[in-house]
Amino acid sequence: MTGQPISETVASLMPRAKAELTELVAFQSVADPAVYPKSECEAAAAWVAGALRTEGFQDVALLDTPDGTQSVYGFLPGPAGAPTVLLYAHYDVQPPLDESAWLSPPFELTERDGRWFGRGTADCKGGFIMHLLALRALKADGGVPVSVKVIVEGSEEQGTGGLERYAQAHPELLAADTIVIGDTGNFRLGLPTVTSTLRGMTMLRVQLDTLEGNLHSGQFGGAAPDALAAMIQLLASLRAEDGSTTVDGLTTDTRWDGLQYPQEEFRKDAKVLDGVGLIGTGTVADRIWARPAVTVIGIDCPAVVGATPSVQASARAQISLRVPPGRNTDEATKLLTAHLLAHTPWGAKVSVEQVGQGQPFRADLTSPAYTAMADAMRAAYPGQEMQSSGMGGSIPLCNTLADLYPDAEILLIGLSEPEAQIHAANESVSPEELERLSVTEALFLRNYAASKAV
């Protein structure tokens, strides 16, 4: 394959990429040992380590991180004096949720309608395959022109901070001149996009207790304080009538000045039902990229099937708060905690526990690496120019790396465009997008090496 264009090389490697992604998706690597066997994550980590060794990586290691998970590290030396680039992905995935909503088994890669379906195909096992494709194409084209470090995390979806703490304890390990985070996505399928901002996240569990035990609703209902009703009232205090987030002391009027997200496109991407309105105020971009957003992601309460006529003695909920750039997640956590304590009704006993956190992130789009990326995207997506957008999600490692290596340039790209439906049923990846972004990354590495050699 030596001598042929990068794009042709990547195209020829796609069948192998599909086979490898099929193997990787088959691991039920949900980093939640209470629900999924830890052995599934360990097997996925071992698979990633084996793939790096096959590609000639040195110092390949399974890193035992403080949260009880494993991350995979490897180093591929480049030419003498070449810059070092760190490539990031994660192999842990979200649980499949309602498996009956999947049209094909979630942990079995299935091709349908021109896409590859399966949990992790886009977020973010496909991101690791993207890195492999780019490196293989460069090897076939004469060699990888930079030194490459790869880190593949095992607990990104949990937000438990294992890799962040490991990196802080071993600051030399991930040091690099530039960092490519392969865990975001194009704004639209076929529109090359770098992600310039990420919202941070704090995750809290709140428990309310009102009674020593459940009571008969006929005998005691109407006077006995119902913990579930108290929880409903408390959670309702987190939103205004229009659905805007209302946490006491938290600013909610920040505006987004970049690429906009038309409402009709958003409604289609989010699959909003006809007649149902969007929540919040301002533009869609304001709401999802520049402002805080609270989401109740779980409530412990009796299921409808099998429910008894009882006043509930206890209730528990898990709350996610997305924190935009410009705000500190620690401060937002304090505000949310204070809000929950202040708005708990009827003197219910309340406890609040933080179970996850990540700081927001803002990239420097003026750095030389972004020029190299713009040129690469222009070549990989003929007729298109690189766009920049925000992302409502969080990648906690970004700020850790920015703090540890303040001179490093950080770029965010990936496969999670809207049609991928990450974190939902029927997650998928576009093989064409995987191919184009692999070409992009290969060209970027070549462009970046050339820019540093001047």
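The overall shape of region 155-204, judged from the alpha-carbon gyration tensor, is oblate: a/c is not under 1.5, and a/b is no greater than b/c. In plain terms, the chain from Asp253 to Asp407 could stretch by 52.3 nm, reckoned as 0.36 nm per residue minus the Cα-Cα distance. From the alpha carbon centroid of region 3-60 to that of region 230-273 is 37 Å. The portion of the accessible surface of the chain made up by carbon and sulfur, rounded to a whole percent, is 53 (1.4 Å probe; DNA, RNA and ligands excluded). Residue by residue, region 85-95 carries 3J(HN,Hα) couplings of 10, 9, 10, 10, 7, 9, 9, 6, 9, 6, x Hz when phi is fed to the Karplus relation 6.51 cos²θ - 1.76 cosθ + 1.60 (θ = phi - 60°); x denotes Gly or Pro.
Coupling constants for region 275-280 follow from the phi torsions by the Karplus curve (6.51 cos²θ - 1.76 cosθ + 1.60, θ = phi - 60°), and in residue order they are x, 8, x, 6, 9, x Hz; glycine and proline get x. Matching the structure-derived Rg/Rh (Cα atoms, Kirkwood Rh) against the labelled list [x] 1.61; [y] 1.00; [z] 0.95 gives the label [y].
Ordering of 32-45, 394-407 by packing is 394-407, 32-45, highest average first (other Cβ atoms within 10 Å, averaged per residue). Only beta bridges with both residues in the chain are counted; by DSSP, about 70 percent of them are antiparallel.
Pairs of lysines in the chain whose Cα atoms sit within less than 22 Å of one another amount to 9, provided the residues are eight or more positions apart or on different chains. Less than 5 angstrom separates the built amide H of Val60 from those of Phe75, all sequence-distant by 5 or more or on a different chain.
Between Val311 and Leu215, His216, Ser217, the built amide H atoms are under 5 Å apart, and every one of these is 5 or more places off in sequence or on another chain. In sequence order, region 70-75 has phi-based couplings of 10, 10, 10, 10, x, 10 Hz under the Karplus curve 6.51 cos²θ - 1.76 cosθ + 1.60, θ = phi - 60°, and Gly or Pro positions carry x. Residues whose amide H lies under 5 Å from that of Gly185, counting only those 5 or more places away or on a different chain, are Gly414, Ser416; hydrogens are built 1.01 Å from N in the peptide plane.
Once C-alpha pairs closer than 8 Å and six or more residues apart are averaged by separation and normalised to the residue number of region 83-191, the relative contact order reads 46 percent. Rolling a 1.4 angstrom probe over the protein heavy atoms with all chains in place gives the chain an accessible area of 41 Å² per residue. Relative contact order for the chain: what percent, with Cα pairs under 8 Å and sequence separation of 6 or more? Once normalised by length, the contact order is 25 percent. For region 182-253, averaging the sequence separation of C-alpha pairs within contact (under 8 Å, six or more residues apart) and dividing by the residue count gives a relative contact order of 15 percent.
Ordered from highest to lowest accessible area with the whole protein assembly present and a 1.4 Å probe, His216, His131 read as His216, His131.
The values are calculated or read from the model by the stated rules, or taken from the named source; none is laboratory data. This is a predicted model, so every value here is computed, not measured. Quick reminder, even Gly has a Cβ in these numbers, built from the backbone with ideal geometry, and neighbours come from all protein chains shown. Note: areas computed on protein heavy atoms with side chains; ligands, DNA, RNA excluded. Shrake-Rupley method; radii C 1.70, N 1.55, O 1.52, S 1.80 Å.
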